[in-house]
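Report on the following structure.
The values are calculated or read from the model by the stated rules, or taken from the named source; none is laboratory data. Since the model is a prediction, treat every value here as computed from it, not as a measurement. Cβ: placed from backbone, ideal geometry, glycine included. Neighbour counts: every protein chain shown.
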Amino acid sequence: MECAAVSAPVSSHPPPSQINTSPEGKKPPEHLRRIIGEPPGPIVALLTRGVWALLTALSPAARDALARFVGNLAYTLGIRRKVALDNLAQAMPEKSEAERRAIARGAYITMARVVVESLPAGDRMTPDWDKQGIEGEEAWAALKAHVATGKGVLLATAHFGNWELVGQMLIRFGVPLNALVRPLKGALNTRIAENRLGAGAGLIYPKGAIQEITDAVNRGESAFMLLDQALPAKAAVFVPFFGRLASTTPAMAVAAERTGAPVFVVMGVRPPGPGARFRLEVEGPIPAPKPGEFADPITEHTARVTAALERAIRRHPEQWLWLHRRWKVQPPAALVTAPSPGLTSGPAPESAPKV
């Protein structure tokens, strides 16, 4: 799965008529409300409709219990467990083996929760979804102020917490957005795409994505992008992530250069306890390099945004998807021996959340 002034106060619930709709009834353009990919066959579609109905009928507490069972079972069976533990051993060598195993188990539960919470119809969040608070209030205020000008922003996130529902939360908070996605196949991905559209998000696919983002920003819509997936080397830039160079899409930085839109990192941190509720952690705007400051400003800007993602993941490592082979694409040998200057995690800016 991919990948997401505020018109209502953060502490208020939207009226029922606004649930799963974009602010003020605004919808993305028709061409962004389509699903591209391979739908399930008729038999699979029939069978999965029953599963979706069952998940919809379950209470939030029952969904959470189911997700914890599935996540623990997958970890116990060892499905991609070696990948997760290898990733953690290299990314967090300071942790003990027991600590890394606990983080890995938490990552499995996080993944199961994302699936179980993202598939039901109707309202998928708890009634107190907007009562969890926001870390990084200055950054959030800057984001809202820019949206109030009628221009969109660029929002980076990761496979963390529940990125699907964080996108829905942003829409409810008055930030119209479009999610950058890839054409995918199967009943699971089709259902998630349907629910994205039902929440009021538009879908931007890779072909012509930069122009679509530019148009969206000018319409006052924001782009919501996952920046923590490995890309083929020819389509990627390589930036530090937990001490290793990782292939990363440059699309966010290219779009920022093209549009001049500010970039914010938005993560949804799940507090203890059952239910789909999240505290937003916001950092930004994350500045692009000044003209002439770096030979490769796109890579440098990507590195700065990726560093912000890493800071959030380090605070809550069990909520990130360690099962993904993030470093599977190797950087060119020349880059390993002589990395570009300026690519560093660096200190968090003043607008970063304090924890």
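On the basis of being of a type in the set (D, E, K, R), modelled with pLDDT of 95 or more and buried (at least 16 other Cβ atoms within 10 Å of the Cβ), does Arg63 make the cut? Against the criterion (of a type in the set (D, E, K, R), modelled with pLDDT of 95 or more and buried (at least 16 other Cβ atoms within 10 Å of the Cβ)), Arg63 does not qualify.
Filtering the range 243-276 to residues that are closer than 20 Å to Ala312 by Cβ, of a type in the set (Lys, Arg) and over 15 Å from the mean Cα position of the chain (by Cα) leaves only Arg244.
Conditions (1) over 14 Å from the mean Cα position of the chain (by Cα); (2) in a strand (DSSP E or B), marked per residue:
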site	(1), (2)
Leu165	no, no
Arg191	yes, no
Leu197	yes, no
Pro206	yes, no
Ile213	yes, no
Ala216	yes, no
Ala223	no, yes
Asp228	no, no
Pro240	yes, yes
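For the range 31-63, a tally of residues being out of contact with any Asp or Glu (no Cβ under 8 Å at 6 or more places or on another chain), assigned to a helix (DSSP H, G or I) and closer than 13 Å to Val116 by Cβ returns 9. Within the range 70-77, is there a residue that is assigned to a helix (DSSP H, G or I), surrounded by 17 or more Cβ atoms within 10 Å (Cβ to Cβ) and in contact with a Pro (Cβ under 7 Å, 6 or more places away or on another chain)? No, because not a single residue in the range 70-77 is assigned to a helix (DSSP H, G or I), surrounded by 17 or more Cβ atoms within 10 Å (Cβ to Cβ) and in contact with a Pro (Cβ under 7 Å, 6 or more places away or on another chain). If the condition is being surrounded by fewer than 17 Cβ atoms within 10 Å (Cβ to Cβ) and either touching a strand residue (DSSP E or B) at 6+ places or on another chain (Cβ under 7 Å) or closer than 27 Å to Val51 by Cβ (or both), then the range 189-227 contributes Glu194, Gly198, Tyr205. Beta carbons closer than 8 Å, at least 6 apart along the sequence or on distinct chains, never pair a first residue in the range 78-90 that is within 18 Å of Glu310 (Cβ to Cβ) with a second that is among the hydroxyl-bearing types (Ser, Thr, Tyr) and exposed (fewer than 12 other Cβ atoms within 10 Å of the Cβ). Name every residue in the range 132-163 that is touching a helix residue (DSSP H, G or I) at 6+ places or on another chain (Cβ under 8 Å), crowded, with 23+ Cβ neighbours inside 10 Å and outside any loop (DSSP other than H, G, I, E, B), in order of residue number. Answer for the range 132-163, where residues must be touching a helix residue (DSSP H, G or I) at 6+ places or on another chain (Cβ under 8 Å), crowded, with 23+ Cβ neighbours inside 10 Å and outside any loop (DSSP other than H, G, I, E, B): Leu154, Leu155, Ala156, Thr157, Phe160, Trp163. Reported count of residues in the range 242-266, each being assigned to a helix (DSSP H, G or I) and crowded, with 17+ Cβ neighbours inside 10 Å, is 7. Scanning the range 84-131 for residues that are in a loop (DSSP other than H, G, I, E, B), under 30 Å from Arg49 (Cβ atoms) and of a type in the set (Lys, Arg) yields a total of 1.
Where residues in the range 310-355 are polar (S, T, N, Q) and more than 16 Å from Ala246 (Cβ to Cβ), which of them is modelled with the highest pLDDT? Steps first, answer last, please.
Restricting attention to the range 310-355, the residues satisfying the condition of being polar (S, T, N, Q) are 319, 330, 337, 340, 344-345, 351.
From what's left, more than 16 Å from Ala246 (Cβ to Cβ): 319, 337, 351.
Values: Gln319: 98, Thr337: 56, Ser351: 41.
Per the stated criteria, the residue is Gln319.
The residue that is modelled with the highest pLDDT, among those in the range 84-122 that are closer than 30 Å to Ala199 by Cα and surrounded by fewer than 16 Cβ atoms within 10 Å (Cβ to Cβ), is Ala121.
Checked against (1) crowded, with 24+ Cβ neighbours inside 10 Å; (2) outside any helix (DSSP H, G or I), Arg182 passes all but condition (1). Filtered by the rule that a residue be touching a helix residue (DSSP H, G or I) at 6+ places or on another chain (Cβ under 7 Å) and surrounded by 21 or more Cβ atoms within 10 Å (Cβ to Cβ), the range 289-310 gives His301, Thr302, Val305.
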